[in-house]
1. Just to be sure I understand, how many residues within segment 259-291 are away from the ligand (no atom under 13 Å from the Cβ) and within 17 Å of LEU307 (Cβ to Cβ)?
2. Within segment 1-106, which helices (runs of 4 or more DSSP H) (wholly inside it) include 3 or more residues that are under 19 Å from ARG235 (Cβ atoms) and modelled with pLDDT of 95 or more?
3. From the list ILE163, ILE251, pick out the single residue that is more than 30 Å from ASP81 (Cα to Cα), buried (at least 24 other Cβ atoms within 10 Å of the Cβ) and at pLDDT 95 or above.
4. Can you tell me which residue is farthest from ARG128 (Cα to Cα) among those in segment 461-485 that are away from the ligand (no atom under 14 Å from the Cβ) and of a type in the set (Ser, Thr, Tyr)?
5. Of these, PHE168, PHE172, which one is surrounded by 24 or more Cβ atoms within 10 Å (Cβ to Cβ), in contact with a His (Cβ under 9 Å, 6 or more places away or on another chain) and modelled with pLDDT of 95 or more?
6. Among LEU417, LEU431, which is part of a strand (DSSP E or B) and either more than 22 Å from SER244 (Cα to Cα) or open to solvent by less than 40 Å² (accessible area, probe 1.4 Å) (or both)?
7. Those residues that are among the polar types (S, T, N, Q) and within 13 Å of the ligand (Cβ to nearest atom), I need them from segment 392-409; list them, please.
Amino acid sequence: MSAQDARGPNEHEEAVRGIRDKLYIDGAFVDAADGRTLDVLSPHDNALIATIAEGGVEDVDRAVAAAERAFPAWSEMAAADRGLLLLKLADAIEAHGDELAMLETIDTGHPIRDSRFIDVPRTAACFRYFGGMADKFQGSVVPVEAGFLNYVLRAPIGVVGQIVPWNFPLMFVSWNMGPALAAGNTVVMKPSEITPLSTLRVAELMSEVGFPNGVVNIVPGYGHTVGQRLAEHPRIGKIAFTGSTATGRRIVEASKGNLKRVQLELGGKGANIVFDDANIVAAVNGSAWAIFHNQGQACIAGSRLILHKRIADSFLEKFLTLTRSIKVGDPCELTTEMGPLTSTLHRDRVVDYIKVAKDQGGTILAGGMAPADPALAKGCYVLPTVVCAKPTDRVAQEEVFGPFVTVLTFESDEEALSIANATEYGLGAGLWTADLARAHKMARGLRGGICWINSYKRVNPGSPFGGVGKSGYGREMGFEAMHDYTEARSIWVNVDAQVPPFYKR
Ligand code: NDP
């Protein structure tokens, strides 16, 4: 073990010892009804990390029944008490931060410095935000006609299903569960079968801090079984899904039986525009972060670098130098800046896009292959890749979801906007300029849910997150998320109204 390796005997062993390998239903860790299991592999070398219970349809039904039983008491509990449990959970996540970070790193391939200093703090912050929100999210009184009081309650929906992907499993637990639980819903969550470990550990921490049995249930398993059952389940009132647009459509289709509410956080093809008056050093750095953080496996990744022709060459020279210097390696090494992609299947998808780019006449400016280091040969590694292409090429239109950025150029603001808006996605976008008026004008014109000016990839639990078009609908975080996890109920009271009888008898 190198001196720089974060897998000190204690942290690594503690994390592995901490692995919970069963489903979490009704406050207990249990085997799958049919006894099936699935293997969880390390993206670093494809070695077996753990064998865990694989949920199925019967397990989803058990979990939904537990969540239904827990709902009345949970939804009627004082909001401040629900909030307190979320605040305690945030503290517990911080107290177990090293262990959770290591678990996330060995399961997903996130560099340990990111897991420890981004994922864990953001997860705690999100639970803390919604813990504080629980007793501050209010209904309203509507000024209606004299003699009547009309007030609007924000009532929880009931049992909600949440299908969470493999790119940020720890953080997404808090993004999904934070508002759902604060609002008084109970939850059945399917983490990705590829990366269930941190979610199961959070469930255990929830149990330790005192969440009542059945309020949260975790059923790892496959999309066509567990995911499909959650989406179609007649007693689930809302389904929240994060993943691909194609699967999002299947969720909508499956949800129609009971017309459940659907929230979709789908793909993206983030435009990142650099104008000729931008601070180039900041833009180079921010643009690299925009695409290469988490190996580009982010729906908001700045995967289209749209450069003003006047600065394109000088920008690219610096950007390529930075790209080639990114330290790709074992995610447990403290100095690693980019780890492996999260699965072999996904690595192969990303590698296929390198061929697609070449076939359509694209030029590979950096990367485009696996690292030469034999120590990484068994893992899901791809070097940070920069490709010059045309706006209509597939790599400029489709979500690659890897360390793969497509470079395009423009000559006028109008052209930049038109290239940026020329995909079917609309999630995150960034722009770099010293001109404030231009920045605001472009931000209004960019089609999407989020825009960063002279920055990229900022998120905060108070700020709404979500997209338009093929990027989905509904919002995570902030007051918007609380709205999305509640139903408005309008209550009418006759306090002093002399209403004529409707039927004169
Ligand atoms: P999918 O959308 O196929 O899968 C996401 C989750 O949905 C997984 O847990 C999956 O389970 C589940 N799922 C699959 N089919 C169904 C179904 N019929 N009903 C309910 N749930 C289902 O994404 P992939 O992981 O295959 O990745 C493919 C692409 O999706 C990526 O390349 C990327 O472009 C995009 N993506 C976007 C994410 C985002 O943050 N918006 C996150 C992840 C992926 P199972 O794995 O068993 O199929």
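1. 21
2. By residue number, 57-76.
3. Numbers: ILE163 fails: more than 30 Å from ASP81 (Cα to Cα).
Answer to the check: ILE251.
4. Among them, the one singled out is TYR485.
5. Details: PHE172 fails: in contact with a His (Cβ under 9 Å, 6 or more places away or on another chain).
Testing whether each residue is surrounded by 24 or more Cβ atoms within 10 Å (Cβ to Cβ), in contact with a His (Cβ under 9 Å, 6 or more places away or on another chain) and modelled with pLDDT of 95 or more leaves just PHE168.
6. Details: LEU417 fails: part of a strand (DSSP E or B).
Sole residue among the options that is part of a strand (DSSP E or B) and either more than 22 Å from SER244 (Cα to Cα) or open to solvent by less than 40 Å² (accessible area, probe 1.4 Å) (or both): LEU431.
7. Step one: of segment 392-409, the residues among the polar types (S, T, N, Q) are 392, 397, 406, 409.
Listed by number, the list holds a single entry, GLN397.
Listed here are the residues, each with its yes/no results for (1) open to solvent by 10 Å² or more (accessible area, probe 1.4 Å); (2) farther than 15 Å from LEU197 by Cβ.
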residue	(1), (2)
ALA90	no, yes
GLU94	yes, yes
MET102	no, no
PHE117	yes, yes
LYS136	yes, yes
VAL142	yes, yes
MET177	no, yes
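The values are calculated or read from the model by the stated rules, or taken from the named source; none is laboratory data. Just so you know, these numbers come straight off a predicted model, no measurement behind them. When we count neighbours, we look across all protein chains shown, and the Cβ atoms used for this are built from the backbone with ideal geometry, even at glycine. Accessible surface areas use protein heavy atoms only, side chains included; no ligands, DNA or RNA. Shrake-Rupley method; radii C 1.70, N 1.55, O 1.52, S 1.80 Å.
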